[in-house]
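Would you mind keeping the following structure in view while I ask a few things?
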Amino acid sequence: MKIGILGTGNIGKTLISRLSAAGHEVKAANSRGPETIGADVPASGGRAVTAAEAVVDVDAVILSLPFDRIPQVTPLIAP
């Protein structure tokens with residue numbers, strides 16, 4: 001399954017690691033851009049991308065971010 005994860009905090013990183021280990025293709029994004037995502041994300045099997053890229057051509061999108069940030073990403077998911 002192809003999965004996009006928005007949010008690379010503690011919960012997001014755990015999901016990236018576990019889902020990648022289970023054989024899923026995982027794209028991960030944060031609010032600051034892929035260049036700011038730590039090396040632990042690719043090392044655990046995730047691919048650092050922009051938020052717009054994380055929600056394209058995936059079977060599921062997981063929001064791992066504070067509730068007050070959801071309005072900022074809603075246009076990416078449901079334009």
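The values are calculated or read from the model by the stated rules, or taken from the named source; none is laboratory data. The shown structure was predicted, so the numbers you read here are calculated from the model rather than taken from an experiment. Methodologically, a virtual Cβ is constructed for each residue, glycine included, from the backbone with ideal geometry; neighbour enumeration extends over all protein chains shown.
If you scan region 30-68, which residues turn out to be assigned to a loop (DSSP other than H, G, I, E, B) and among the charged types (D, E, K, R)?
Arg32, Asp57, Asp59
Tally up the residues in region 60-74 that are over 15 Å from Thr50 (Cβ atoms), modelled with pLDDT of 95 or more and aliphatic (A, V, I, L, M), please.
3
While we're on this one: Considering only region 3-17, state which residues are assigned to a helix (DSSP H, G or I) and either buried (at least 22 other Cβ atoms within 10 Å of the Cβ) or among the hydrophobic types (A, V, I, L, M, F, W, C) (or both).
Matches in region 3-17: Ile11, Gly12, Leu15, Ile16.
Given the structure, is Pro79 out of contact with any helix residue (DSSP H, G or I) (no Cβ under 8 Å at 6 or more places or on another chain), at pLDDT below 95 and assigned to a helix (DSSP H, G or I)?
No.
Another one. May I ask you to list the residues in region 25-50 that are under 17 Å from Ile11 (Cα atoms) and either touching a strand residue (DSSP E or B) at 6+ places or on another chain (Cβ under 7 Å) or in contact (Cβ under 8 Å) with a residue 60 or more places away in the chain (or both)?
Matches in region 25-50: Val26, Lys27, Ala28, Ala29, Ile37, Val41, Pro42, Gly45, Gly46, Arg47, Ala48.
Right, next: Restricting attention to region 21-79, and to residues there that are hydroxyl-bearing (Ser, Thr, Tyr) and surrounded by 16 or more Cβ atoms within 10 Å (Cβ to Cβ), which single residue is farthest from the chain's Cα centre (by Cα)?
Across region 21-79, the extreme among qualifying residues is Ser44.
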